[in-house]
Amino acid sequence: MEEFEPKIVAFCCHFCAYSAADLAGSMRLQYAPNIRIVEMPCSGTIDHRVLLKALEDGADGVFVAGCMEGDCHFLKGNYRAKRRVSHVKDLLRAIGLEPERLEMYNLSAAMGPRFAEIANEMTARVKGLGPSPFRKQTGGDA
Amino acid sequence: MIVAEQKPLAEIAGMIGDCRKVLFAGCAGCVTVCLSGGEKETEVMATALRMKRQLEGNPLETVTYTATRQCDPEYVDAMADVVKGVDAVVSLACGVGPQYLAARYPDLWVIPAQNTTFAGGSKEHGVWEEFCGLCGQCVLHLTGGICPVIRCSKSILNGPCGGSQYGKCEIGKDVECAWHLIYERLKRLDRLDLMRQYREPKDWSKARDGGPRKVTREDVMIG
């Protein structure tokens with residue numbers, strides 16, 4: 001049987017995680033190819049609905065990556081993202097989906113290796129959980 | 001505004017357990033301002049319950065709609081199309097909304113998604129407190145702008161009870177003694193004489209004790 005390759009959506013802040021992913025690429029770092037990056041102007045712009053929708057539409061895992069605590073470009077966006085992620089995790093628990101499929105990370109634009117580590121860490125975690133029950137039965141690897 | 005809190009998701013799921021298609025009806029009035037039943041909260045609730053039912057192998061079809069206000073007949077009338085073909089409607093309005101929907105659409109099964117809590121205001125983003133007891137006969141001009149009916153735990157109207165300490169109510173150290181606040185404010189305004197005045201007993205028939213209330217304004221009636 002073919003090994004399960006999760007699809008993970010990463011909502012990345014333009015000022016940190018997105019740049020860190022760019023740096024990871026420039027540094028030629030190898031990391032799991034399961035991550036689909038969505039660039040955000042700030043992690044604080046993340047919305048409960050978007051996180052739920054990504055999971056409902058079949059993402060096996062979702063993470064939000066914002067600046068280090070205290071270093072948000074917009075001062076408090078990453079703290080807001082953290083609270084929203086925590087609330088959506090509670091919702092997932094209430095509906096019976098593993099809250100571990102969703103996570104919040106903090107890193108800076110200089111942390112390319114850390115981005116690669118997070119990508120690997122999240123991929124390993126979601127592989128452990130198995131495919132999402134919402135995973136579409138058809139379709140390619142988009 | 002009217003402040004309401006969503007019922008637990010499991011409780012709402014239980015109430016729509018045998019439904020196949022449900023309308024989630026938000027309200028753009030008070031519950032939008034207190035972040036419990038506006039457009040966003042309506043979509044989050046519908047999505048979460050749709051996902052829950054999918055996981056249980058009992059799919060749920062959802063429709064979402066947010067009325068300008070569920071406490072005005074014209075906006076409830078405008079929902080005639082969206083209520084068609086649903087097994088139930090879950091109203092995210094305060095307790096008024098489900099009743100307006102039930103009255104306007106007699107054959108519709110209506111479910112409240114909220115526990116309507118109080119008339120109050122926000123202290124900071126995400127924190128709301130009760131400020132008005134809806135007693136029907138306001139006394140704020142006599143009490144320095146602090147309502148003894150609702151902010152005093154015992155609704156005492158003629159002074160503190162003796163159970164307060166250091167300005168806090170005896171029911172909890174986070175609760176201000178309303179009469180302490182009233183005294184301090186009247187003192188600051190040099191109006192402590194108001195506390196010494198004799199007052200007739202309050203007419204509680206104007207409050208809920210007199211039965212359901214109704215306000216009629218003939219000057220603004222149409223037709």
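The values are calculated or read from the model by the stated rules, or taken from the named source; none is laboratory data. Remember, predicted model here, so these are calculated numbers, not experimental data. Backbone-built Cβ (ideal geometry, glycine too); neighbour counts: all protein chains shown. Side chains included, ligands, DNA and RNA excluded: accessible areas come from the protein's heavy atoms. Shrake-Rupley method; radii C 1.70, N 1.55, O 1.52, S 1.80 Å.
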> B:Lys187: which lysines have alpha carbons under 26 Å from its alpha carbon, excluding same-chain residues fewer than 8 sequence positions away?
Replying inline: B:Lys123, B:Lys154, B:Lys168, B:Lys173, B:Lys202
>> How large is the accessible surface of B:Asp193 in square angstrom, using a 1.4 angstrom probe and rounding to the nearest 10?
In response: 60 Å²
> Using the Cβ atoms and a cut-off under 13 Å, what net charge is assigned to the surroundings of B:Gly210, where Lys and Arg are +1 and Asp and Glu are -1?
Replying inline: +3
>> Which of the three applies to the stretch B:63-107, rounded, prolate or oblate, going by the alpha-carbon gyration tensor with a ≥ b ≥ c and a/c under 1.5 meaning rounded?
In response: rounded
> Which of the listed residues, A:Ile95, B:Cys19, B:Ala178, is farthest toward the dipole's positive end in the protein assembly as shown, when Lys, Arg count +1 and Asp, Glu count -1 at the beta-carbon?
Replying inline: B:Ala178
> Under 20 Å from the Cα of A:Lys127, which lysines turn up, not counting those fewer than eight places away in the same chain?
Replying inline: A:Lys7, A:Lys89, A:Lys136
> Residues of A:89-97, mean number of Cβ from any other protein chain within 10 Å of their own Cβ, rounded to a whole number?
Replying inline: 5
>> Heavy atoms only, 1.4 Å probe, whole protein assembly: order B:Leu186, A:Leu91, B:Leu140 by accessible area, highest first.
In response: B:Leu140, A:Leu91, B:Leu186
> Between A:Phe74 and A:Ser26, what length in nm is gained on full extension when 0.36 nm per residue of separation is reduced by their alpha carbon distance?
Replying inline: 14.7 nm
> So, with a 1.4 angstrom probe, what is the percent of accessible area on the stretch B:1-115 that is carbon and sulfur?
Replying inline: 51 percent
> Given the stretch B:2-118, what percent of its DSSP beta bridges are antiparallel, to the nearest 5?
Replying inline: 20 percent
> Looking only at other chains, what is the average number of their beta-carbon atoms within 10 angstrom of each beta-carbon in B:40-52?
Replying inline: 5
> Which is the longest stretch in chain A that no exposed loop site breaks, taking sites as GluC sites (Glu not before Pro) with a DSSP loop state and at most 11 other Cβ atoms within 10 Å?
Replying inline: A:70-142
>> So the label point goes 7 Å from the Cα of B:Ser205 along Cα→C-beta, right? Which residues of the stretch B:133-162 then have their backbone N under 20 Å from it?
In response: B:134-139
>> Counting each pair of different Cα atoms once, what's the Kirkwood radius of the stretch A:20-142 in Å, rounded to one decimal?
In response: 15.1 Å
> So how exposed is A:Ile95, as accessible area in Å² (1.4 Å probe, rounded to 10)?
Replying inline: 10 Å²
> Can you give me the relative contact order of chain A as a percent, contacts being Cα pairs under 8 Å and 6 or more apart?
Replying inline: 36 percent
> Largest first, how would B:His141, B:His125 line up by accessible area (1.4 Å probe)?
Replying inline: B:His125, B:His141
>> Looking at the protein assembly as shown only, what percent of DSSP beta bridges run antiparallel? Nearest 5 please.
In response: 30 percent
> How long are the semi-axes of the ellipsoid equivalent to the protein assembly as shown, from square roots of 5 times the Cα gyration tensor eigenvalues, in whole Å, largest first?
Replying inline: 48, 30, 16
